[in-house]
1. Cβ-Cβ under 6 Å, sequence separation 6+ or interchain: first residue in the stretch 65-79 and in a loop (DSSP other than H, G, I, E, B), partner not aromatic (Phe, Trp, Tyr). Which pairs?
2. Kindly establish whether residue 298 is buried (at least 23 other Cβ atoms within 10 Å of the Cβ) and either in a strand (DSSP E or B) or assigned by TED's automatic domain parsing to the domain that holds residue 352 (or both).
3. Working only within the stretch 210-267, note down all residues that are polar (S, T, N, Q) and within 17 Å of residue 279 (Cα to Cα).
4. What are the pairs with Cβ atoms under 9 angstrom where one residue, in the stretch 1-26, is within 20 Å of residue 362 (Cβ to Cβ) and the other, located anywhere, is among the acidic types (Asp, Glu) and modelled with pLDDT of 95 or more? Sequence gap at least six, or different chains.
5. Any chance the stretch 39-58 includes a residue that's surrounded by 14 or more Cβ atoms within 10 Å (Cβ to Cβ) and part of a helix (DSSP H, G or I)?
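The values are calculated or read from the model by the stated rules, or taken from the named source; none is laboratory data. Only a predicted model underlies this, so the values are computations on that prediction, with no experimental measurement involved. With ideal geometry, Cβ positions are generated from the backbone for all residues, glycine too; neighbour counts draw on all protein chains shown.
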Amino acid sequence: MKLLIYTPRITHRIEYVFSLFFDHLAKLDYEITTDPEVAEQEKGPVLNYSKHHFENSLRLPPSKLLFESGINDKEIEFLSDGKLVGAFPCPENDLISFDIFASAFFLVTRYEEYLPHLSDQYNRFDAKYSFAFKNGFLRKPMVNYYANFLYDLLEEKFPELEIIKPKYEYLNTVDIDNAWAYRQKGFVRTVAASLKDVLTFNFKNLNRRIGVLIGNKKDPYDNYQYLWDLQEKYNLNSLYFFLLADYGLNDKNVPVWSKKFQSLIKSISDKSQIGIHPSFGSNKKPEKLGKEIERLSMISKFEVVRSRQHFLILNMPETYRRLIQHEIKEDYSMGFASEVGFRASICTPYPFYDIDREEKTTLLIYPFAVMEATLKFYMNTSQEQACDIIDELIADVKEVNGLFISLWHNETVSDEGLWKDWRKVYDHLVEKAAT
């Protein structure tokens, strides 16, 4: 049974939003028409996205947003309607006080990030300026709530409709910014670091460095066996991102020419999916991105189609345009560094829509929900508080049958130093998310 959607005009935004609801958040056969007579005479299910009235249709009158083009720098008011929070009021709607389709478009496209805004020290859009944070729903996958609300209305009105809904899934992702703390850094960097230890009287670190280099001690960042064991125990779908940058202030990984580093990449790519971690430096010098992608492809012998930005530096729409130019098909940067939750208010992969060009692109965005550095450094939580927050996020994603994505790093499961007693947080997360 096909759903007929009536709208007075078809725009790229209209096509995008209905594809979001009926191709990505769920599966439903549908067709869009602008002919009121066709809608009037249709005997099957009709979703009426207009100010017209058709007998036996499900009517959700629209606001203006999906019929506009470009960015309209107007004041956005968010409304609360029970569990749902959205924008663009629809006073003549008897079912909900705002336009869920316009609200979904606004949130998933990151419309607000095209508007003038303040940035943090790394030129990132700060979570505290987002509408979701200011209106108290950053930790909720609100667009998924919209979708479930709509599907319930459709199923109640048209029981013959078959809406195929997804099942909950978990994706474990790990960023490898620095493969080892002491090993494989090269002679010059190793000597310089050792001298620094001496000059700062950090003899504990010097002893650890020497112990690792002569093979008497384990490198604190070498936690790959633990990660693999956990992956096997829970049959995890895992994805690792590698930083393959030229050395720089914020790009300090093991040199790409290290044979042991290349061997590590090959070993991980045999067990899991891998992706590129575009460097901090590539944001100011975009030509670096192609070089880094080529390096990963040459080492792994795989086509590189996945990415996550180092430092989560994501500028709309420039970052995504660069990725598309380099034939990246999936990006996993959609999340905030300073707050956990859902930057785009969604926990389902969806295509990037370039508002400036008014086009749906080939790039799929995979939003993550939580990063350990956010919990520890930005939110200053204890391990117990971190577990409680994680439980809440997982429960919300499970409720809407979404995809829960976590972001961790190889060094943070060392269970020592700054990350003493934090391995149990990761253990807790994986057990809760994977079962």
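1. What qualifies is 69/358; 73/115; 76/87.
2. Values: buried (at least 23 other Cβ atoms within 10 Å of the Cβ): no; either in a strand (DSSP E or B) or assigned by TED's automatic domain parsing to the domain that holds residue 352 (or both): yes.
No, not satisfied.
3. 250, 253
4. Qualifying pairs under 9 Å: 11/68; 11/358; 12/358; 12/359; 13/68; 13/358; 16/359; 22/29.
5. yes
One line per residue, one yes/no per condition, for (1) of a type in the set (S, T, N, Q); (2) in the same structural domain as residue 412 (by TED's automatic domain parsing); (3) part of a loop (DSSP other than H, G, I, E, B); (4) exposed (fewer than 15 other Cβ atoms within 10 Å of the Cβ):
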{"position": "211", "(1), (2), (3), (4)": "no, no, no, yes"}
{"position": "225", "(1), (2), (3), (4)": "yes, yes, no, yes"}
{"position": "231", "(1), (2), (3), (4)": "yes, yes, no, no"}
{"position": "241", "(1), (2), (3), (4)": "no, yes, no, no"}
{"position": "244", "(1), (2), (3), (4)": "no, yes, yes, no"}
{"position": "257", "(1), (2), (3), (4)": "no, yes, yes, yes"}
{"position": "261", "(1), (2), (3), (4)": "no, yes, no, no"}
{"position": "264", "(1), (2), (3), (4)": "no, yes, no, no"}
{"position": "270", "(1), (2), (3), (4)": "no, yes, no, yes"}
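Residues checked against (1) in contact (Cβ under 8 Å) with a residue 24 or more places away in the chain; (2) closer than 30 Å to residue 86 by Cα:
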residue	(1), (2)
159	no, yes
185	yes, no
196	no, no
203	no, no
208	yes, no
216	no, no
